Amino acid sequence: MKYFEITYLSGGVRNNTIITSTHKIEALKQFQDATLGIFVSIQEINEPFSQKIQNWQRSLKQTSFKKKVPLEPYIASLRQLGVMLDAGISINQCFEEVVNTTQNKQVKEIFHQMSVKIESGESIGNAFESYSYELGHVSAAIVKLGEQTGTLSEEIIKLTTILEEIYENRKKLKKALRYPAIVMSVMLIAFIAVIQMIVPQFKEMFDELDSALPYPTQLLLGLQAFISENGLYIFIMIIVLIALHTFFYQAKGRYKYTFDKYILKLYLVGKITRLSMTGRYIFVFNKLTNSGIPIIKALSIAQNIVENDYLREQFSTIQDAIEEGKSLTQGFTQSAQFENMTIQMIKAGEASGALNNMLEKVDKYYSEKYSELVDNISTYIEPIMIAVLAGFLTLLALGIFLPMWSMADAMDK
């Protein structure tokens, strides 16, 4: 969102007001709707300090009391809802059955509250929109579209397809990272166990023989002493840092934006994040435009489903470009987040009037690249694991065997 300061005349007095909007034209429209006075000038400004405080308070409240629903039970509930609606069962009965069937407490409570709203006369789309933070913006947009076009059951099934794709990608990444994480954790635990239980015994032996310890053993003993003296403080510090990171990251703001920006530069992690977020953006944008949602609205929803704040800001330039009258190709080029091949495919799709067909191909391209990277993640991580393991084993071997050889020399003397 951007901030615009509008100067206007009211009763002959010059006043200023600040309007939050995605574009200058939209800000002017909001000002005209508010009928505050005679327009004088408008300029874009940085986020006001008071607004920063309000956003921080809103984020804190949102972080404290709200959380996104787990995708697996939500997808199951949506599928059940779509099938029942397609069978001609009344909406109230459908929601009641979903509430009775789902085991997840959060999903159950949200569907119960939406059922109450619908029974009181509220539309299904508005009921979903009131829980857009927990369920995601894409849910409300697609449900509203289905409600307006009379194809609610079909659109809900399409929604489950979108969410399943996102869920499967997340699950695939977690599965790929499980093995390296377990190996690195076992190595770390084994290393700490060895320097805590085995290495100190050599110090006592060498103290009795009045012999100097080899440098690798001295290094291990130094590590052992440091961990013994500061282990609890290190553990507490790690827990505190994780808690602070989680809090500030979930509260969003500048910290999350900076973290999201620099994580894209990390080896392998940055590439996985970029492919995942970019592929998700293209996939959702394609599905939404294919469902009949206007391009600007589809772009807005697609960028909201991107979890990386830095990439979301870059993708927002595409929507800005469209609102300024530029082509979709110019918008994608302006964002500087897509390969030249992708831009050329979108350009060809725009020129031929087959944009959705080209978006399908672009989506397939990113999906295949992401799958290939995730499927071979162990291959990329293996050199690092081997190097770390070799370093651990070399240090342990020198730290243990050198004292044994020195001990034999000391006993010969």
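The values are calculated or read from the model by the stated rules, or taken from the named source; none is laboratory data. Since the structure is predicted, the reported quantities are computational estimates derived from the model, not experimental observations. Cβ atoms come from the backbone with ideal geometry, glycine included; neighbour counts cover every protein chain shown.
At a glance:
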quantity: Selection within the range 362-374 - crowded, with 17+ Cβ neighbours inside 10 Å and farther than 14 Å from Ala176 by Cβ; calculated: Val362, Asp363, Tyr366, Ser367
quantity: Qualifying residue in the range 328-345 (condition: in contact (Cβ under 8 Å) with a residue 60 or more places away in the chain and among the aliphatic types (A, V, I, L, M)); calculated: no
quantity: Residue within the range 126-137 that is of a type in the set (D, E, K, R) and either closer than 21 Å to Ala302 by Cα or in a loop (DSSP other than H, G, I, E, B) (or both) present; calculated: yes
quantity: Leu311 surrounded by 18 or more Cβ atoms within 10 Å (Cβ to Cβ), over 30 Å from Ile195 (Cβ atoms) and at pLDDT 90 or above; calculated: yes
quantity: Selection count, the range 64-104, where residues are farther than 23 Å from Tyr167 by Cβ and polar (S, T, N, Q); calculated: 5
quantity: Any pair with Cβ under 6 angstrom, 6 or more apart, that starts in the range 61-84 at a residue that is assigned by TED's automatic domain parsing to the domain that holds Val98 and at pLDDT 90 or above and ends at one that is part of a helix (DSSP H, G or I) and charged (D, E, K, R); calculated: Ile75/Glu164
quantity: Some residue of the range 281-295 being modelled with pLDDT under 90, touching a Gly at 6+ places or on another chain (Cβ under 7 Å) and closer than 24 Å to Leu152 by Cα; calculated: no
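Conditions tested, residue by residue: (1) of a type in the set (A, V, I, L, M); (2) assigned by TED's automatic domain parsing to the domain that holds Gln80; (3) crowded, with 19+ Cβ neighbours inside 10 Å.
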{"residue": "Val116", "(1), (2), (3)": "yes, yes, no"}
{"residue": "Ser120", "(1), (2), (3)": "no, yes, no"}
{"residue": "Ile124", "(1), (2), (3)": "yes, yes, yes"}
{"residue": "Glu129", "(1), (2), (3)": "no, yes, no"}
{"residue": "Ser139", "(1), (2), (3)": "no, yes, yes"}
{"residue": "Leu145", "(1), (2), (3)": "yes, yes, yes"}
{"residue": "Glu155", "(1), (2), (3)": "no, yes, yes"}
